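The values are calculated or read from the model by the stated rules, or taken from the named source; none is laboratory data. The structure presented is a predicted model; accordingly, all values stated were derived computationally and were not measured. Every residue, glycine as well, gets a Cβ built from its backbone with ideal geometry; the counts of neighbours run over all protein chains shown.
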Amino acid sequence: SDHSLEYPMSPNQMDWAKLYPYYHDEKVMAPGKISREVQITDIGCGFGGLTVALAAEFSDTLILGMEIRVQVTQYVEDRLLALRENSPPGQNVYQNAAVIRGNAMKFLPNFFHKGQLSKMFFCFPDPHFKQRKHKARIVTTTLLSEYAYVLKEGGIIYTITDVLDLHEWMVHHLDGHPLFQRLDKQWEDSDDCVRIMTNATEESKKVSRNNGSKYIACYKRLPDPEI
Ligand code: SAM
């Protein structure tokens with residue numbers, strides 16, 4: 001249950017310094033503030049494999065994993081703290097990655113400003129196979145409008161799953177949304193993040209071990225229409 005979850009009233013009221021202390025300078029910044037904004041989210045990050053891999057790849061960019069399960073979130077938090085502590089002195093590796101416990105289907109605009117994010121990852125989301133559970137899927141038309149709100153123009157939604165039915169569901173909803181346009185296979189093949197998400201998450205490793213299929217779909221956030 002997520003009844004006990006806490007959400008900031010707005011992105012400005014979030015204690016970002018707690019998550020990214022390296023980017024807070026108490027001499028010049030108000031409490032909770034940091035010198036840059038989160039730009040990449042790993043939604044339903046699980047055990048954090050992608051969050052960790054992206055943090056190493058984009059060392060100047062803040063990455064945030066979001067995970068609903070308490071123990072799993074705690075695991076990722078400990079994992080990131082250990083990585084930070086073990087990083088060579090002066091290098092500050094992994095200071096740019098953090099995790100929060102939250103339900104990504106709720107209140108994302110409380111965490112992020114309009115157009116703040118450049119990439120959102122949805123890796124191996126829970127499939128919710130049964131028809132009556134489909135509304136629990138993390139990609140729906142309504143939720144896509146929220147994702148479009150927090151994504152900047154040209155920002156990208158990455159999806160990957162081993163469940164063909166879920167892949168087709170996500171493609172159907174994204175294709176039908178006026179603010180998203182699919183990126184082609186050639187783009188996928190040349191994008192570093194596609195390569196990383198295909199191999200770095202715990203679920204992607206499991207699928208590889210079982211020789212399963214991985215279905216990928218990536219979409220670009222289009223400009224808002226003129227009114
Ligand atoms: N992305 C990871 C990977 O590829 O290894 C984890 C995949 S796992 C199958 C799906 C994860 O999404 C689970 O850890 C689950 O707890 C989390 N999750 C499900 N619904 C969520 C929600 N509404 N908000 C945040 N996380 C959620």
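Numbers at a glance
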{"read-out": "Hits in the stretch 51-66 (condition: in a loop (DSSP other than H, G, I, E, B) and under 27 Å from Tyr7 (Cβ atoms))", "value": "Phe58, Thr61"}
{"read-out": "Pairs with Cβ under 9 Å, 6+ apart, first in the stretch 158-176 and more than 16 Å from Gly212 (Cα to Cα), second of a type in the set (Asp, Glu) and surrounded by fewer than 22 Cβ atoms within 10 Å (Cβ to Cβ)", "value": "Tyr158/Asp191"}
{"read-out": "Scan of the stretch 116-137 for residues that are in contact with a Gly (Cβ under 8 Å, 6 or more places away or on another chain) and surrounded by 16 or more Cβ atoms within 10 Å (Cβ to Cβ), ordered by number", "value": "Leu117, Ser118, Lys119, Met120, Phe122, Cys123, Phe124, Pro125"}
{"read-out": "Residue check for Gly46: in a loop (DSSP other than H, G, I, E, B) and touching a Cys at 6+ places or on another chain (Cβ under 9 Å)", "value": "yes"}
{"read-out": "Pairs with Cβ under 7 Å, 6+ apart, first in the stretch 118-133 and touching a residue at least 12 places away in the same chain (Cβ under 8 Å) and among the polar types (S, T, N, Q), second more than 8 Å from the ligand (Cβ to nearest atom) and part of a strand (DSSP E or B)", "value": "Ser118/Gln39; Ser118/Ile40; Ser118/Lys152; Ser118/Gly155"}
{"read-out": "Complete set of residues in the stretch 163-204 that are more than 23 Å from Thr141 (Cβ to Cβ), charged (D, E, K, R) and surrounded by 12 or more Cβ atoms within 10 Å (Cβ to Cβ)", "value": "Glu188, Asp191, Arg195, Glu202, Glu203"}
{"read-out": "Tally of residues being part of a strand (DSSP E or B), within 10 Å of the ligand (Cβ to nearest atom) and closer than 28 Å to Glu188 by Cα across the stretch 67-124", "value": "4"}
{"read-out": "Pair list, Cβ < 6 Å and 6+ apart or interchain, from the stretch 97-109 residues that are among the β-branched types (Val, Ile, Thr) to residues that are at pLDDT 95 or above and more than 11 Å from the ligand (Cβ to nearest atom)", "value": "Val99/Glu77"}
{"read-out": "Residue that is farthest from Met105 (Cα to Cα), among those in the stretch 32-45 that are among the small types (Gly, Ala, Ser) and surrounded by fewer than 20 Cβ atoms within 10 Å (Cβ to Cβ)", "value": "Ser35"}
{"read-out": "Residue count, the stretch 178-227 (criterion: among the basic types (Lys, Arg) and either within 12 Å of Ile160 (Cα to Cα) or part of a helix (DSSP H, G or I) (or both))", "value": "6"}
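Yes or no, residue by residue, for (1) within 26 Å of Pro88 (Cβ to Cβ); (2) modelled with pLDDT of 95 or more; (3) within 11 Å of the ligand (Cβ to nearest atom):
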site	(1), (2), (3)
Ala30	no, yes, no
Ile34	yes, yes, no
Phe47	yes, yes, yes
Leu50	yes, yes, yes
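This table checks each residue for (1) closer than 24 Å to Phe58 by Cα; (2) away from the ligand (no atom under 16 Å from the Cβ); (3) among the aromatic types (Phe, Trp, Tyr).
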{"site": "Val139", "(1), (2), (3)": "no, no, no"}
{"site": "Gly154", "(1), (2), (3)": "yes, yes, no"}
{"site": "Tyr158", "(1), (2), (3)": "yes, no, yes"}
{"site": "Glu168", "(1), (2), (3)": "no, yes, no"}
{"site": "Asp175", "(1), (2), (3)": "no, yes, no"}
{"site": "Leu179", "(1), (2), (3)": "no, yes, no"}
{"site": "Trp187", "(1), (2), (3)": "yes, yes, yes"}
{"site": "Cys193", "(1), (2), (3)": "yes, no, no"}
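One line per residue, one yes/no per condition, for (1) farther than 23 Å from Glu203 by Cα; (2) out of contact with any Ser or Thr (no Cβ under 7 Å at 6 or more places or on another chain):
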| site | (1), (2) |
| --- | --- |
| Ile68 | no, yes |
| Glu85 | yes, yes |
| Asn103 | no, yes |
| Phe107 | yes, yes |
| Asn110 | yes, no |
| His134 | no, yes |
